[in-house]
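Engineer: Would you mind keeping the following structure in view while I ask a few things?
Each value in this text was obtained by applying a stated rule to the coordinates, not by laboratory testing. Values in this document were obtained by computation on a predicted structure and should not be read as measured data. Every residue, glycine among them, receives a Cβ derived from its backbone with ideal geometry; neighbour counts consider all protein chains shown.
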């Protein structure tokens, strides 16, 4: 009876030791062996496992996006209700300022409207005095002499007749 | 014949104080011109002398003087031509 009990315990101990050895042997080569990785290529684990986003997170992202849009538009627009009483007061003040400016300003008439026309630079004082002092007399001697001579010379010119300046196309067409 | 006419115009331009002239025919066309803007005023000279006939009882054209700052323009009309001479004052 005593011999049988000691044998079963020994068998159990041996089995446990074998299992331990197997576990240690399976772990040692994985830790000792370094896996080879190609350069420039991401790990397959990250590619195979996509990022999972929950429904609540999606809603939060959408809300943030729309809030940004609303804030940007609010900066550009002007709230009309805020302008009401203050805006009216400022408008009235501006109107008073403008009316005061208009009253204070004085319009001056340009001298070109009332002044006499300017004389040309070519006109000299001596010529001006001559013009204003006495009227110019007609040089009858000069004019009558050359008028008569020119008319006499024109009478001496004769123009020859060269016939009709008409070209007939009827004969050429036939 | 043309030479005599040209000589006459040359003598006219060589007169003392003459700076330009313009000769206009019966129709108001420019026959000969010398000086600044003389040819472009040919029709005006002719028309001006024709209008001056209404001022006189005899119907003869008047002798006209146009005074400017730089020169005086004398205009006279004949049976055939109208002559204008621009002369220094």
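Engineer: In degrees, nearest 10, range 0 to 90: what is the angle between the Cα axis of helix B:42-52 and the longest Cα principal axis of chain B?
Structural biologist: The angle comes out near 30 degrees.
Engineer: Still on this structure: Shielding of A:140-149 by partners, i.e. mean partner chain Cβ atoms within 10 Å per residue?
Structural biologist: On the way: counts 3, 0, 10, 9, 4, 4, 11, 10, 3, 7.
So the per-residue partner count for this stretch is 6.
Engineer: So if each residue of separation counts as 0.36 nm, and I subtract the Cα-Cα distance between residue B:70 and residue B:44, what length gain in nm does that give? Show your work: numbers first, answer last.
Structural biologist: Values: separation 26, 0.36 × 26 = 9.36 nm, distance 1.94 nm.
Extra length available between residue B:70 and residue B:44 comes to 7.4 nm.
Engineer: Place the peptides A:60-68, A:144-152, B:63-71 in order of packing, highest mean first, counting for every residue the other Cβ atoms within 10 Å and averaging per peptide.
Structural biologist: Numbers: A:60-68: 10.0, A:144-152: 16.8, B:63-71: 14.7.
Ranking, from highest mean packing down: A:144-152, B:63-71, A:60-68.
Engineer: Note down the nm distance, to one decimal, between modelled labels 7 Å out along Cα→Cβ at residue A:75 and at residue A:148.
Structural biologist: 10.0
Engineer: Then there's this: From Cα coordinates alone, what are the radius of gyration and Dmax values for the range B:18-87 in angstrom?
Structural biologist: Spelled out, the Cα radius of gyration and Dmax of the range B:18-87 are 11.6, 35 Å.
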